[in-house]
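S.K.: This is the structure I have questions about; it appears just below.
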Protein chains: 2
Amino acid sequence: MVLPLLTRIDHVGIACRDLRKTIDLYRETFGLGVLTLEVNEEQGVREAMLAVGPGADVAAGRPGYVQLLEPLGPDTPVGKFLARRGEGIHHIGYGVADIKAALAAIGGTGVRLIDERPRHGSMGASIAFLHPADVGGVLTELVQFHRIENSEGSAKPLK
Amino acid sequence: MVLPLLTRIDHVGIACRDLRKTIDLYRETFGLGVLTLEVNEEQGVREAMLAVGPGADVAAGRPGYVQLLEPLGPDTPVGKFLARRGEGIHHIGYGVADIKAALAAIGGTGVRLIDERPRHGSMGASIAFLHPADVGGVLTELVQFHRIENSEGSAKPLK
């Protein structure tokens, strides 16, 4: 295992019923601005990334983010989460330097991987989720950020 | 309001039933080590702070943390959370430069403050919680870190 396996707290994923209202709440309460708005059909969410702080994490090239998630429908994972738990924190995302190596190392410890292979996440990152039942009830996401020149993801800008 | 009001994601607070087991899980799965172990009687928790990454946030002087929280009893806030929701993410903590100014600014937007005045948190920080009902269901903590020379908190090292 290459250490540190987790390089940073990348983001906190927050489930909400109304993305626009929740964006307004975070702007009015904390002064956080929206960096990107995307629809991720694969994950069934409309989402906003809000940067926390002055983008201080020079090493990784990213600040921390609040990721606001509104489900595209009730039968999506976030839609089911809202029905079961209500609005609130949905998952935590950690930065990794090499997501394939990280998945191999973590899978090797016996933790079940929701995603055996990385898929496309916010802002062109490669992401993968770990099974919350094997991480103390925490839905845990790994995020490998790619520099802008490599960041062609499947997520589309929100109209 | 001084912007950015939130300087960074300070930590994710995770409720667990067995602190030692959960520390082992995070070490074995992610290679995270324990930085501090404390009992905070006021908050009714036994807790561990695990540093994420190489301590990269030079500006604020702190890396991000995973904060593992085991309740001291069933009638504590974390004990009730475990009974209601099970193990998982309990709250998110953001760094602020001036916690009193931040509380005044946030309180002024109409968000209810659980703590009108800062109290002692992990590793000598000053902390305050905001009411989750006014922050989209998210129990939100503000954290002002004090440099080591000012870091005499009420939390005691865990024996």
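The values are calculated or read from the model by the stated rules, or taken from the named source; none is laboratory data. These numbers were taken from a predicted model, which means no experiment stands behind them. Because the Cβ atoms are built from the backbone with ideal geometry, glycine has one as well, and the counts that use them run over all protein chains shown.
S.K.: Just the residues that are assigned to a loop (DSSP other than H, G, I, E, B) and either more than 9 Å from every other protein chain (Cβ to nearest Cβ) or surrounded by 17 or more Cβ atoms within 10 Å (Cβ to Cβ) (or both), please, taken from region A:3-16. Write out each step before concluding.
M.R.: Taking region A:3-16 first, the residues assigned to a loop (DSSP other than H, G, I, E, B) are A:3-7, A:16.
Within region A:3-16, A:P4, A:L5, A:L6, A:T7, A:C16 qualify.
S.K.: If you don't mind, there's one more thing I want to ask. Looking at region B:19-26, is at least one residue touching an Asp or Glu at 6+ places or on another chain (Cβ under 8 Å), at pLDDT 95 or above and under 24 Å from A:L142 (Cα atoms)?
M.R.: Yes: region B:19-26 contains one or more residues that are touching an Asp or Glu at 6+ places or on another chain (Cβ under 8 Å), at pLDDT 95 or above and under 24 Å from A:L142 (Cα atoms).
S.K.: Sticking with this structure for a sec: Select, from A:V111, A:V96, the only residue that is over 21 Å from A:V39 (Cβ atoms), in contact with an Asp or Glu (Cβ under 6 Å, 6 or more places away or on another chain), in contact (Cβ under 8 Å) with a residue 24 or more places away in the chain and within 10 Å of chain B (Cβ to nearest Cβ).
M.R.: Values: A:V96 fails: in contact with an Asp or Glu (Cβ under 6 Å, 6 or more places away or on another chain).
It is A:V111.
S.K.: If you don't mind, another one. If you take the residues in region A:73-117 that are among the β-branched types (V, I, T) and closer than 24 Å to B:H131 by Cα, which one is nearest to the chain's Cα centre (by Cα)? Spell out the reasoning first.
M.R.: Within region A:73-117, the subset among the β-branched types (V, I, T) is A:76, A:78, A:89, A:92, A:96, A:99, A:106, A:109, A:111, A:114.
In the following step, the residues that additionally are closer than 24 Å to B:H131 by Cα were identified as A:78, A:89, A:92.
Working: A:V78: 12, A:I89: 11, A:I92: 7 Å.
Checking each candidate, the answer is A:I92.
S.K.: Related question: Counting just the residues of region A:64-85 that are within 10 Å of another protein chain (Cβ to nearest Cβ) and surrounded by 18 or more Cβ atoms within 10 Å (Cβ to Cβ), which one comes out nearest to B:R8 (Cα to Cα)?
M.R.: The residue in question is A:G64.
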